[in-house]
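Below is one structure, written out as structure tokens, with a few remarks after it.
The values are calculated or read from the model by the stated rules, or taken from the named source; none is laboratory data. Please read these numbers as outputs of a predicted model, since none were measured by experiment. When we count neighbours, we look across all protein chains shown, and the Cβ atoms used for this are built from the backbone with ideal geometry, even at glycine.
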Amino acid sequence: MKKPILIVVIAVIIITGAALFYFRDKLPSFKPEKEIGNKENILKKNNFSINLPEGWVEVAALMGASATAVDSNEKIDDVKAQRINFRSYFSIVYDNLGQRTKEQYYQEIKDSLKNAFSGIVFPQEEKGLVDNKDVYFLEAEFSQQEVDFYVMLAINIGEKDVWIVSFNTLKTSWNNYKDIFYQTARSFKSIKI
């Protein structure tokens, strides 16, 4: 069975996110696109909207993503994370459900992440509703470049459309971001494509 392209895109976003942020000051495309100045702090695109936490700014989207935002006020204490100039971020990716059931799609993502990241663990999984669509929340821990990362995926599955919001931070920062990530994920609203 061929791996769906989206699964590869998600793995690339998670794998390369930290490394790409190392270059954000050197590449014009990784400069913040704009400081969100409205009171609502909502990131609006043609096909979706999502609340931006206070201090977060949109930057050029990572490869394969529809949007990416970073915490512009974050202070990183981890020396190894400082070396790669890591910042906590989230990216949003679109896909089509195709012929798969929602459960099959969710399981494919988990299986692909297990194949992409040696030693990955999933400490928390839950299903809920956001914007009247099924959402699978999946938390994951893994190490890369000698840095311990914590990722939370919010996999929003409609009848045909799938939107995945990938929140990425350091394992040591997870408790500081957990509520913010879940609140942000629950603010996601899609517009039918």
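A few comments on the model shown:
- From the list 59, 70, the lone residue that is of a type in the set (A, V, I, L, M), touching a helix residue (DSSP H, G or I) at 6+ places or on another chain (Cβ under 8 Å), surrounded by 18 or more Cβ atoms within 10 Å (Cβ to Cβ) and touching a residue at least 40 places away in the same chain (Cβ under 8 Å) is 70.
- Test result for residue 143, within 30 Å of residue 85 (Cβ to Cβ), surrounded by fewer than 16 Cβ atoms within 10 Å (Cβ to Cβ), touching a helix residue (DSSP H, G or I) at 6+ places or on another chain (Cβ under 9 Å) and not hydrophobic (A, V, I, L, M, F, W, C): yes
- When residues in the stretch 152-175 are screened for being in contact with an Asp or Glu (Cβ under 9 Å, 6 or more places away or on another chain) and in a helix (DSSP H, G or I), 4 of them pass.
- All positions within the stretch 84-124 that are without any contact (Cβ under 8 Å) to a residue 60 or more places away in the chain and under 26 Å from residue 54 (Cα atoms): 124
Here is a yes/no grid of residues against (1) more than 24 Å from residue 64 (Cα to Cα); (2) in contact with a helix residue (DSSP H, G or I) (Cβ under 7 Å, 6 or more places away or on another chain); (3) surrounded by fewer than 20 Cβ atoms within 10 Å (Cβ to Cβ); (4) not basic (Lys, Arg):
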| residue | (1), (2), (3), (4) |
| --- | --- |
| 92 | no, no, no, yes |
| 103 | no, no, yes, yes |
| 125 | yes, no, yes, yes |
| 129 | yes, no, yes, yes |
| 148 | no, yes, yes, yes |
| 154 | no, yes, no, yes |
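One line per residue, one yes/no per condition, for (1) among the basic types (Lys, Arg); (2) at pLDDT 95 or above:
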{"position": "138", "(1), (2)": "no, yes"}
{"position": "144", "(1), (2)": "no, no"}
{"position": "162", "(1), (2)": "no, no"}
{"position": "178", "(1), (2)": "yes, yes"}
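- Scoring residue 123 on the criteria (1) more than 25 Å from residue 58 (Cβ to Cβ); (2) modelled with pLDDT under 95; (3) assigned to a strand (DSSP E or B) leaves a single failure, condition (2).
- Selection within the stretch 73-117 - assigned to a loop (DSSP other than H, G, I, E, B) and in contact with a strand residue (DSSP E or B) (Cβ under 8 Å, 6 or more places away or on another chain): 76, 78, 84, 86, 87, 88, 97, 117
- Residue 149 falls short on exactly one of the conditions (1) assigned to a strand (DSSP E or B); (2) among the aromatic types (Phe, Trp, Tyr); (3) under 18 Å from residue 89 (Cβ atoms); (4) without any contact (Cβ under 8 Å) to a residue 60 or more places away in the chain, and that condition is (4).
- Among the residues of the stretch 75-110, those that are of a type in the set (Lys, Arg), under 20 Å from the mean Cα position of the chain (by Cα) and under 23 Å from residue 160 (Cα atoms) comprise 102, 110.
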